[in-house]
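What follows is calculated from the coordinates using simple rules that are stated; it is not laboratory data. Small disclaimer: the values here were computed from a predicted structure and weren't measured. Cβ: placed from backbone, ideal geometry, glycine included. Neighbour counts: every protein chain shown.
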Amino acid sequence: FGLHKAGKIVLPDQDQSAELYEVTQAVTADAGLPCYEVSNHARPGAESRHNLTYWRYGDYAGIGPGAHGRLTADRRKFATATHRTPEEWLKLVGEQGHGMVEREALESDEQADEMLLMGLRLREGLDLARWSSLSGRGLDVEREEFLIHHGFIERLGNSRLRCTPSGMLILDAVVADLAA
């Protein structure tokens, strides 16, 4: 983005971005590397287990400089962050045994929004039972039906909801609509 700000490169517009995304999906699928997350491709069975932890809204520890984490303790989920600069992070580790500078308890609605955002990035979609258990509610039926009718999301039985290829192109808008 620095080069763009300096006027040295021009970013593609929305239509060009969508076209590039669709070409990428076709080329990678033809090469045996289907999309398993909006921006990740792999041979079936070779998906990044590390990254799937984030997208499935599991716990992960952010340890090094500038790292973020989501950890469950005492039946509460916490958002954590460490100091950005290696020098300050190392100083904190020496003083307090860790470089953490933030530890915030997340409310269930914040967790539900994060899970929705992360789950819909995946081709496997969002685990609806887990999301409902966390949020304490179901999805807004009218919003869901609207997005299904327009071909942006689909249900996989009663257990999962995922974006269609068209929905992946407007993922942020789909998530915002369902989270509202």
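Structure values in brief
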quantity: In degrees, nearest ten, helix 108-119 long axis to first principal axis of the chain (Cα); calculated: 60
quantity: Karplus-derived 3J(HN,Hα), 6.51/-1.76/1.60, for each residue of the stretch 36-52, Hz, glycine and proline x; calculated: 10, 8, 3, 10, 9, 10, 6, 5, x, x, 10, 5, 5, 5, 4, 5, 4
quantity: ³J(HN,Hα) computed for each position of the stretch 155-171 - Karplus, 6.51 cos²θ - 1.76 cosθ + 1.60, integer Hz, glycine/proline x; calculated: 8, 10, x, 9, 9, 9, 10, 9, 7, 7, x, 5, x, 4, 5, 10, 3
quantity: Correct option for percent of Cα pairs over 27 Å apart [calculated from the coordinates] among (1) 43; (2) 18; (3) 31; calculated: (1)
quantity: Loop chymotrypsin sites (Phe, Trp or Tyr not before Pro), the stretch 126-180 (other Cβ atoms within 10 Å of the site Cβ: 15 or fewer; DSSP); calculated: none
quantity: Within the chain, helix-based [θ] at 222 nm, where runs of 4 or more DSSP H residues each add -39,500 (n - 2.57), nearest 500; calculated: -13000 deg cm²/dmol
quantity: Potential extension, residue 20-residue 59 segment - 0.36 nm per residue separation minus Cα distance; calculated: 10.7 nm
quantity: Proximal aspartates and glutamates to residue 77, defined as alpha-carbon separation beneath 14 angstrom and excluding residues fewer than eight positions away on the same chain; calculated: 59, 102, 104, 107, 109, 110, 113, 114
quantity: Rounded to whole Hz, the Karplus (6.51, -1.76, 1.60) HN-Hα couplings of the stretch 143-150, x for glycine and proline; calculated: 5, 4, 4, 4, 5, 5, 4, 8
quantity: Check: the chain dipole with +1 on Lys, Arg Cβ and -1 on Asp, Glu Cβ, in debye; calculated: 580
quantity: Rounded to 10°, Cα long-axis angle of helix 86-96 versus longest principal axis of the chain; calculated: 60
quantity: The stretch 109-179 shape via C-alpha gyration tensor axes, a/c threshold 1.5; calculated: rounded
quantity: Within the stretch 62-106: Cβ-based charge dipole about Cα centre, in debye rounded to nearest 20 (Lys, Arg +1; Asp, Glu -1); calculated: 280
quantity: Options 94, 21, 132, ranked by Cα towards positive dipole end of the stretch 1-155, top entry (Cβ charges); calculated: 94
